[in-house]
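A short write-up of the structure that comes next.
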Amino acid sequence: QVQLVESGGGLVQAGGSLRLSCAASGRTFSINAIGWFRQAPGKEREFVAAIRWGDGSTYYKTSVKGRFTISRDNVQNMVYLQMNSLISGDTAVYFCAAKRWPVGLESVVYDYWGQGTQVTVSS
């Protein structure tokens, strides 16, 4: 089993920044990719960004490219999502998720999920 805990959410004004953290524990050797997803009220959970654990390749939702950056710390088993130039449309609960097989990273089919952290962007 792998446990994931998100932190760093909060309330920020439009144009501001937040950095989300995802701490992984347990059988972390089985992880080959970690993704960030978000879910706004009344909407489906959607892909935001992902990173392959081994080579660090990154993937982004089109609307966050250039504003969000995903990164990892293999030693600390941490993944970060730096979010800049936030807009009201970024308001959602953000989840990190871990995957054993690093394919299909933009789908919601991940093996482990965290509980989520709320991000609210005020306009």
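The values are calculated or read from the model by the stated rules, or taken from the named source; none is laboratory data. Everything numeric in this text was worked out from a predicted model, so none of it was measured. Every residue, glycine as well, gets a Cβ built from its backbone with ideal geometry; the counts of neighbours run over all protein chains shown. Remember, those area values only see protein heavy atoms, side chains included, never the ligands or the DNA or RNA. Shrake-Rupley method; radii C 1.70, N 1.55, O 1.52, S 1.80 Å.
Structure notes:
- Looking only at residues of the stretch 1-31 that are part of a loop (DSSP other than H, G, I, E, B) and at pLDDT 95 or above, we find that the one that is nearest to residue 94 (Cα to Cα) is 9.
- Residue, nearest to residue 101 (Cα to Cα), within the stretch 47-67, restricted to residues that are in contact (Cβ under 8 Å) with a residue 40 or more places away in the chain and either part of a strand (DSSP E or B) or acidic (Asp, Glu) (or both): 52
- Qualifying positions in the stretch 83-103 - under 15 Å from the mean Cα position of the chain (by Cα) and exposed (fewer than 15 other Cβ atoms within 10 Å of the Cβ): 84
- Filtering the stretch 47-81 to residues that are open to solvent by 60 Å² or more (accessible area, probe 1.4 Å), within 21 Å of residue 121 (Cβ to Cβ) and not small (Gly, Ala, Ser) leaves 62, 65, 69.
- The stretch 91-112, residues that are within 15 Å of residue 81 (Cβ to Cβ) and part of a strand (DSSP E or B): 92, 93, 94, 95, 96, 97, 98
- Pairs, first closer than 25 Å to residue 13 by Cα in the stretch 109-123, second part of a loop (DSSP other than H, G, I, E, B) and of a type in the set (Ser, Thr, Tyr), C-beta under 9 Å, six or more apart: 118/91; 119/91; 120/91; 121/91; 122/91
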